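Student: There's a structure below that I have some questions on.
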Amino acid sequence: MIVRDKILVVEDELTISNLIRTILTANGYEVITAVKGSEALSMISSHCPELIVLDLGLPDMDGVELIRSVRSWTNLPIIVVSARSYDRDKVQALDLGADDYLTKPFSSAELLARVRVAIRHTRMGAPDSAHVHSGKFTAGNLTIDYDKHQVLVDGKNCHLTQNEYKIVALLARYAGRVLTYDFLLQELWGPQNQGGNQILRVNMANIRRKIEKNPAEPQYIFTEVGVGYRMVEGDS
Amino acid sequence: MFRKNRNGTQHKLYFRFYLQGWLIFILTLGLASIVCALLQHITSSDVHVPMIFVLAVLIVSLSTDGYFYGLLAAVVSVIGVNYAFTYPYMKLDFSVYGYPLTFMTMLAVGFACSTLASHLRVQEQLRVETERERIRANLLRSISHDLRTPLTSIGGSISTVLEESSLSDEAKRELLTGAKLDAEWLSRMVENILSITRISGEASELVKSEELLEEVFSEAVQRYRKRPDAVPVSVSVPQEVKLLPMDPILIEQVLSNLMDNAVTHGTGLTKIWIEAKSADGEVIVSVRDDGCGIEESLLPHLFDGSLQFSGKNRSDGSRFMGIGLSVCRTIVEAHGGRIWAVNLPEGGAEFCFTLPEGGRNDDCAR
């Protein structure tokens with residue numbers, strides 16, 4: 001018997017909830033649903049789902065509060081669903097520990113891709129464990145050699161600077177997931193960095209000019225405007 | 001219109017106004033003094049002196065904010081004229097016959113001009129607001145009018161599929177595909193409406209941040225490629241890294257609308273080119289296609305939102321003609337840029353818009 005991954009969908013709009021359930025069930029996931037935040041919290045402890053798909057606007061509590069309380073005791077992956085105009089909420093949710101986000105209106109392909117990435121990342125264990133610092137990461141023609149601290153495109157060394165390499169390696173470690181500006185700055189320059197995200201942006205522009213054929217049509221590192229960056233999923 | 005100081009930029013702005021006021025004040029009065037001094041060598045009469053200073057007071061009042069500089073200019077002129085340009089020279093003497101009258105006249109001129117200038121400014125503000133209101137009203141009117149068509153199609157298609165059990169699979173697929181296209185179109189329109197509300201909300205100032213154009217380009221193009229009727233797009237940006245102050249979501253909207261416009265109205269187009277070029281103090285973004293171009297008679301009205309009422313060519317395909325473009329114009333102008341369109345000699349149309357550079361690019365060189 002196949003054990004199917006269990007996903008908790010927290011959404012107060014019945015039509016959207018049904019839609020998500022239908023898409024996920026059709027693709028081999030087991031789905032349970034909750035309408036309220038309090039209901040969701042008790043279902044998390046009783047059903048132990050592998051993943052939560054959470055709409056930020058809930059009738060009884062702020063979705064951001066739910067993330068905070070879930071994160072206080074478990075690393076269970078959370079994908080946030082939000083409406084496009086609420087930029088700040090999205091970034092706040094991600095910075096509080098949500099793993100990824102979907103913007104309404106989203107396609108079924110996007111939903112499935114996000115779910116797949118989030119579940120795979122929990123399988124691989126915590127991303128900051130030691131094994132990801134060695135070996136290689138490959139996506140298309142891009143290879144990151146963690147041992148030599150090199151990034152190669154078509155087998156050729158791109159000669160990234162120390163900082164540029166660190167950014168690429170960090171994005172690759174979370175490949176497929178969006179990383180916010182604040183998260184990247186915190187990880188790379190530490191909490192004392194006060195200069196805003198321009199230093200990151202300029203580094204990223206230089207990286208693109210080194211690894212992408214056309215910096216305006218990236219193949220490896222994508223920008224989520226106003227949120228952060230996302231590395232393409234690696235080949236497995 | 002008074003707004004609370006919300007951040008440092010606002011402070012900086014006030015400071016600049018402050019400096020600008022003093023600069024105008026000093027330059028104008030200085031110039032008046034020089035002219036008077038020169039004229040003194042040519043003619044012995046001094047009837048021109050008060051005239052020149054009245055003119056100076058007028059210029060200062062008209063080109064500065066509030067009453068302060070105008071009145072100050074009047075007082076300084078009265079004393080200055082008395083000191084330097086009337087007998088006894090280089091000496092203050094208020095006992096000259098008729099002097100109180102001159103003094104009062106100067107003050108009155110300063111006061112009247114400052115009042116006039118503030119009135120003009122209020123009028124201008126009102127005019128801008130009325131214009132903005134007009135665009136918003138136009139938009140809402142045509143939207144409420146034209147949303148019915150796709151909604152009818154979506155609702156009708158779905159209930160037909162649900163109720164007509166005799167439909168072939170192919171017919172069902174066709175109906176649902178149509179509903180999907182209309183839903184996508186609706187969601188693009190909603191994005192446009194959201195963009196407008198982002199600009200004309202309570203605080204009508206844009207929330208700008210320093211952004212890289214290539215990032216905005218790539219997201220707009222990525223989104224565009226998901227369309228079923230997308231044609232190939234080629235994108236290029238300058239090699240140099242340049243951060244520009246903008247609201248990235250709105251600029252993405254401009255690009256999406258321009259690409260959408262090319263696809264919807266550029267009959268026979270096979271490709272779109274998006275390009276950014278640095279010019280003097282600004283960046284010019286161009287969206288070019290190889291379609292049928294723009295009808296010459298429409299060119300002057302493309303961006304003013306009047307096309308959707310013109311009534312001609314209103315087949316289903318030209319729904320919302322011009323709405324997207326007037327949204328583009330609103331967004332670009334809110335950024336302090338310009339937008340225009342031309343037909344290319346080799347065929348096809350080119351839409352260009354500019355974004356001013358912030359002049360703070362040294363900040364990011366750290």
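Each value in this text was obtained by applying a stated rule to the coordinates, not by laboratory testing. Computed from a prediction, not measured in an experiment: that's the story for all the values here. A quick note on method: Cβ atoms are made from the backbone with ideal geometry, for glycine too, and the neighbour counts reach across all protein chains shown.
Student: Could you check which residue among A:161, A:180, A:138 shows the biggest mean-square fluctuation in a GNM of chain A with a 10 Å Cα cutoff?
Tutor: Among A:161, A:180, A:138, the largest mean-square fluctuation in the Gaussian network model of chain A belongs to A:161.
Student: Also, I was wondering about something else. About its Cα centre, what dipole magnitude does segment B:147-205 give when the only charges are +1 on Lys and Arg Cβ and -1 on Asp and Glu Cβ, stated in debye to the nearest 20?
Tutor: The calculation lands at about 80 debye.
Student: 7 Å from Cα along Cα→Cβ at both residue A:18 and residue B:22: what's the point-to-point distance in nm?
Tutor: So the label points at residue A:18 and residue B:22 sit 6.9 nm apart.
Student: Could you state the principal axis extents of the C-alpha atoms in chain A, from the largest down, to the nearest angstrom?
Tutor: 51, 46, 32
Student: Next question, about the same structure. For the protein assembly as shown, take the convex hull of the Cα atoms, compute a quarter of its surface area, and give me that in nm², please. Walk me through the intermediate numbers first.
Tutor: Details: hull surface 157.2 nm².
Value for the protein assembly as shown: 39.3 nm².
Student: Moving to a separate point now. Using amide H atoms built in the peptide plane, which far-off residues or other-chain residues are under 5 Å from residue A:101 H to H?
Tutor: Under 5 Å from the amide H of residue A:101 lie the amide H atoms of A:80, A:178, each far enough along the sequence or on another chain.
Student: Mind giving me the nanometre distance, one decimal, between the label points for residue B:333 and residue B:123, set 7 Å out from Cα along Cα→Cβ?
Tutor: 1.9 nm
Student: Within 10 Å of each candidate Cβ there may be at most 12 other Cβ atoms; applying that plus a DSSP loop requirement, which trypsin sites (Lys or Arg not before Pro) in segment B:10-100 survive?
Tutor: Counting only loop positions with at most 12 other Cβ atoms within 10 Å, the trypsin sites (Lys or Arg not before Pro) in segment B:10-100 are B:91.
Student: Counting only complete DSSP H runs, which helices of chain B cover 20 Å or more along their long axis at the Cα atoms and score a mean Kyte-Doolittle of -0.5 or above?
Tutor: Membrane-span-like by this rule: B:8-42, B:48-63, B:99-146, B:148-163, B:169-199, B:248-265.
Student: A further question follows. Under a point-charge model restricted to the Cβ atoms of Lys and Arg (+1) and Asp and Glu (-1), what is the dipole moment magnitude of the protein assembly as shown relative to its Cα centre, in debye to the nearest 20?
Tutor: Using only the charged Cβ atoms, the result is roughly 720 debye.
Student: At 7 Å along Cα-to-Cβ for each site, give me the label-to-label distance between residue A:39 and residue A:161 in nm.
Tutor: 5.3 nm
Student: Nearest 10 degrees, 0 to 90: what angle lies between the long axis of helix A:198-211 and the longest principal axis of chain A (Cα atoms)?
Tutor: 70 degrees
Student: Can you give me the long-range amide H partners of residue A:53? Hydrogens built in the peptide plane at 1.01 Å from N, cutoff under 5 Å, separation of 5 or more residues or another chain.
Tutor: Amide H neighbours of residue A:53: A:8, A:9, A:10, A:79.
Student: Please give the helix A:37-47 orientation as an angle from the longest Cα principal axis of chain A, in degrees from 0 to 90, rounded to the nearest 10.
Tutor: Rounded to the nearest ten degrees, it is 80.
Student: Based solely on C-alpha atoms, express the radius of gyration and the Dmax of segment B:147-205 in angstrom.
Tutor: Rg and Dmax of segment B:147-205, Cα atoms, are 16.5, 56 Å.
Student: What Kirkwood radius, in Å to one decimal, follows from the Cα pairs of segment A:6-123?
Tutor: Answer for segment A:6-123: a Kirkwood hydrodynamic radius of 13.9 Å.
Student: Can you report the principal axis dimensions of segment B:8-127 using only the alpha carbons, biggest first, rounded to whole angstrom?
Tutor: Here the spans come out as 50, 24, 22 Å, largest first.
Student: If you split all Cα-Cα distances of segment A:130-231 into 10 Å bins from zero, what percentages do you get per bin, shortest first?
Tutor: Values per bin, smallest distances first: 15, 52, 30, 3.
Student: Over the whole of B:180-188, what's the average partner chain Cβ count within 10 Å per residue? Rounded to a whole number, please.
Tutor: 1
Student: Continuing with the same structure: Counting only other chains, and only Cβ atoms inside 10 Å, what mean value do you get across the residues of A:217-229?
Tutor: 4
Student: Sticking with this structure for a sec: Can you give the calculated 222 nm mean residue ellipticity of chain B, where each DSSP H run of n ≥ 4 adds -39,500 (n - 2.57) and the sum is split over every residue, rounded to the nearest 500 deg cm²/dmol?
Tutor: About -19500 deg cm²/dmol.
Student: Can you tell me which of B:54-61, A:214-221 comes out highest on packing, and rank the rest after it, using the mean Cβ neighbours within 10 Å?
Tutor: Averaged packing, sorted descending, gives the order B:54-61, A:214-221.
Student: Would you mind checking the pairs A:104/A:210; A:136/A:213; A:156/B:208; A:148/A:213; A:6/A:104 and listing those with alpha carbons more than 30 angstrom apart?
Tutor: Values: A:104/A:210 33 Å; A:136/A:213 21 Å; A:156/B:208 38 Å; A:148/A:213 23 Å; A:6/A:104 23 Å.
From A:104/A:210; A:136/A:213; A:156/B:208; A:148/A:213; A:6/A:104, over 30 Å: A:104/A:210; A:156/B:208.
Student: Among the DSSP beta bridges whose two residues both lie in the protein assembly as shown, what percent are antiparallel, rounded to the nearest 5?
Tutor: Restricted to the protein assembly as shown, the bridges split so that about 65 percent are antiparallel.
Student: On to the next question. Need one value for A:103-113: mean number of C-beta atoms belonging to other chains within 10 Å of its residues' C-beta atoms.
Tutor: Counting Cβ atoms of other protein chains within 10 Å of each residue's Cβ and averaging gives 1.
Student: As I understand it, the dipole of segment B:8-127 uses +1 on the Cβ of Lys and Arg and -1 on the Cβ of Asp and Glu, about the Cα centre. Which of B:114, B:56, B:99 lies farthest toward its positive end?
Tutor: The listed residue farthest towards the positive side: B:114.
Student: Return the equivalent ellipsoid semi-axes of chain B as a descending list in whole Å, where each equals the square root of 5 times an eigenvalue of the C-alpha gyration tensor.
Tutor: Output for chain B: semi-axes of 59, 22, 19 Å.
Student: Enter the angle in degrees (range 0 to 90, nearest 10) between the Cα long axis of helix A:108-123 and the first principal axis of the Cα atoms of chain A, meaning the one along which they spread out most.
Tutor: Its long axis makes an angle of about 80 degrees.
Student: Work the Kirkwood hydrodynamic radius out for segment B:75-220: mean of 1/r over every pair of different alpha-carbon atoms, inverted, in Å.
Tutor: That comes to 22.6 Å for segment B:75-220.
Student: Using 1/(1 + (r/R0)^6) with R0 = 51 angstrom and r between the beta carbons of residue B:229 and residue A:95, what's the FRET efficiency to the nearest 0.05?
Tutor: On the way: r = 38 Å, r/R0 = 0.74.
With R0 = 51 Å, the Cβ-Cβ based efficiency is 0.85.
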